[in-house]
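Q: Have a look at the structure that comes next, please.
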Amino acid sequence: MSKLTKSKGPKGFLFSTAGAAIKKPGRKDIALIISEADANIAGTFTTNTVKAAPVKICMNKIKSGKGRVIVVNSGNANACTGAQGTKDANEIISHISKQLKISAALIYPCSTGVIGTPMPMERILPSLPALTKNVGNFSLEDVAGAIMTTDTFPKIVIKKIKVGNVTGTISGICKGAGMIAPNMATMLCYILTDIAVEQKTLNKVLKNAVNKSFNRITIDGDMSTNDTVLMMANGLLGNTPVTAKSESLPAFQKALDDLAYGLAKLVVKDGEGATKLVEVYVKGTRNERDAARAALSIANSSLVKTAIYGNDANWGRIMAALGYSGVAFREEKTDIYFNNIKVVKGGLANNKDREATEALKAKNIKITVNLHAGTASSKVLTCDLTEEYIRINAEYRT
C-alpha cells in the first residue's frame, strides 16, 4: 500500500480501507477516516433537490458541530433508493459504532457511484470488521484511492501553517471527474486539520473556501446527488482555538483557500476524457457576481469546450455565451484573449486567430474576457469536451 509519512499528515487522524466488491471486485472501495478525539466539523452539500441518503443523514448530524468518523464507499451512490437507502446507511453506521466503540452520532456516512441501485449490503457488512480492525494501517492517500470512481488518479493536497508558536497541518483529499457543476461541484472532499478552530469560525472559513474553489469549477454542467465537503478540526496541535478575532485567521483562511483551489484544479484536470485544463477569467464587471455568472456561462458552453479541444480559436462562441449569460455588458467594449493573444478588441476581430490557434495547442489554456464595465472579476476552472467523455459516460453502468 502507498503510505504518507506521519510528518505530512495532521496529528490524531487514522485511516483504513477495505474491499467490498460494491461495483467490481478486486479493489478497495470502502474507507474510514477517524479522529482520535472528538472534532469540530463543518460541511457543505449538494444543492440538488434530489439528495442521496447519506447526504441527508450528514446534513442532519452536522447541526451538532461535532464529528469523529467518516465512512465512505465508492461504486454505489445510495441515491434514489428510498427508505431502504437510509436504513442501509444507518446500519453501516451502527456496525462501525459498535466495532469502534464510538457514538453513532459522531459517524458521518458518504457514498459515490451509480444512482438508483440498492446498496449491496450482503457484501458491505462482511467487509466492515476488516475495515475497523486495520485502522491506522493505511494512509490518507490510500483513502483518496478508495473513493475514486471514474477518476484516473487520487487527489490530495497538504498545507502547513504556523498558528502562534506552533505549526499545524491541513490535509485534503477529494474525488471527482464527471457530473461536475457549481453549487457544489460533484465530488466528495474531506479536509482534516490538527489545528483547533472554533466551530462557528470553521463553518465560515470552509464556506468561504468552497465558494472560491468547488463552486467555481465545471466539467459537464451536471450536478450530482451526493456532493459533500466535510472538514474536521480535532485541535490536537494544542493551539489556542482560531476564532473570528484571531490574528492567525487570515493566514488560516488563505491556506484553506489554496488547498481547496488546489483540489478543485485536480478535479478539473482529471475531467472525464479531458485533455486540457481551462481557466476562464472574466474581469471589468460591476460586481463579482456578474463576473462569476459570465465566466460560468462560457465554461459551461459545450461549443466553447469542443472548440478548445479542436484547437479552434472560435471566439464567436465565447461572445455568444456572454450574450445569454444574463450579465449586462456592451459588446463594443469587450476584449477577449486566448492565453496572451488578444483575439477580440472592442467587440471586433483583432486578426490574431492564427496565433491563438497555436496557443490552444497547450495543455493549460486561459481565456480572459474584459467587459470594461467595472473593477470586479472572477475565475472558473473547466476543461475541454472530447469523444472520450461520451464513451466513459455511455459505459458507466456496464
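No value in this document is a laboratory result; all are computed from the given coordinates. Small disclaimer: the values here were computed from a predicted structure and weren't measured. Neighbour counts are summed over all protein chains in view; Cβ atoms, including those assigned to glycine, are modelled from backbone coordinates with ideal geometry.
Q: Return the long-range amide H neighbours of Thr81 (sequence gap of 5 or more, or a different chain), with a cut-off of under 5 Å between placed amide H atoms.
A: Ala53
Q: Which residue, chosen from Thr382, Ser171, Val50, occupies the Cα position most advanced towards the positive end of the dipole of the chain, where the dipole is computed from +1 (Lys, Arg) and -1 (Asp, Glu) charges on Cβ about the Cα centre?
A: It is Ser171.
Q: Taking Rh as the Kirkwood radius computed over C-alpha pairs, what is the Stokes-Einstein D of region 242-398 at 4 °C in a medium of viscosity 1.567 mPa s, expressed in µm² per second?
A: 78 µm²/s
Q: With θ set to phi - 60° and the Karplus curve 6.51 cos²θ - 1.76 cosθ + 1.60, what are the ³J(HN,Hα) couplings of region 13-26 in order, to the nearest whole Hz, using x for Gly and Pro?
A: Along region 13-26, the couplings run 10, 10, 9, 7, 9, 8, x, 10, 6, 5, 10, 9, x, x Hz.
Q: Here is a follow-up. Out of all Cα-Cα pairs in region 191-298, roughly what percent, to the nearest whole number, are more than 20 Å apart?
A: Details: 2845 of 5778 pairs.
Cα-Cα pairs of region 191-298 separated by over 20 Å account for 49 percent.
Q: Which cysteines does the chain leave without a neighbouring Cys Cβ under 4.7 Å?
A: Cys with no partner Cβ under 4.7 Å: Cys58, Cys80, Cys110, Cys383.
Q: Could you please state, rounded to a whole Å, how far the C-alpha centre of region 275-317 is from the C-alpha centre of region 50-77?
A: Here the answer is 33 Å between Cα centres.
Q: Taking neighbour Cβ counts within 10 Å as the exposure measure, how do Ile57, Ile30, Ile158 sort from fewest upward? Show your work: numbers first, answer last.
A: Numbers: Ile57 21, Ile30 27, Ile158 17.
Fewest-to-most Cβ neighbours within 10 Å comes out as Ile158, Ile57, Ile30.
Q: Report, by chain and number, residues whose modeled amide H sits under 5 Å from the one on Gly238, excluding near sequence neighbours (fewer than 5 apart, same chain).
A: Long-range HN contacts for Gly238: Ala196.
Q: Still on this structure: For the chain, compute the orientation-averaged projected area of the C-alpha convex hull (one quarter of its surface), in nm².
A: Mean projected area of the Cα convex hull: 19.4 nm².
Q: Treating only the Cβ atoms of Lys and Arg (+1) and Asp and Glu (-1) as charged, compute the dipole magnitude of region 277-394 about its Cα centre; round to the nearest 20 debye. Walk me through the numbers on the way to the answer.
A: Working: 17 positive and 13 negative charges, 55 e Å.
Dipole about the Cα centre, nearest 20: 260 debye.
Q: Separate question: Restricting to the chain, what percent of DSSP beta bridges are antiparallel, rounded to 5? Each step should come with its number before you reach the end.
A: Values: 53 of 76 bridges.
Counting only bridges with both partners in the chain, antiparallel ones make up about 70 percent.
Q: Sticking with the crude label model, points 7 Å out along Cα→Cβ, report the distance from Val114 to Tyr324 in nm, one decimal please.
A: My value for the distance between the label points is 3.4 nm.
Q: Rounding to the nearest 20 debye, state how big the charge dipole of the chain is about its Cα centre with +1 on each Lys and Arg Cβ and -1 on each Asp and Glu Cβ.
A: 800 debye
Q: Give me His372, His95 sorted ascending by neighbouring Cβ count inside 10 Å, so fewest comes first.
A: Sorted ascending by nearby Cβ count, the order is His372, His95.
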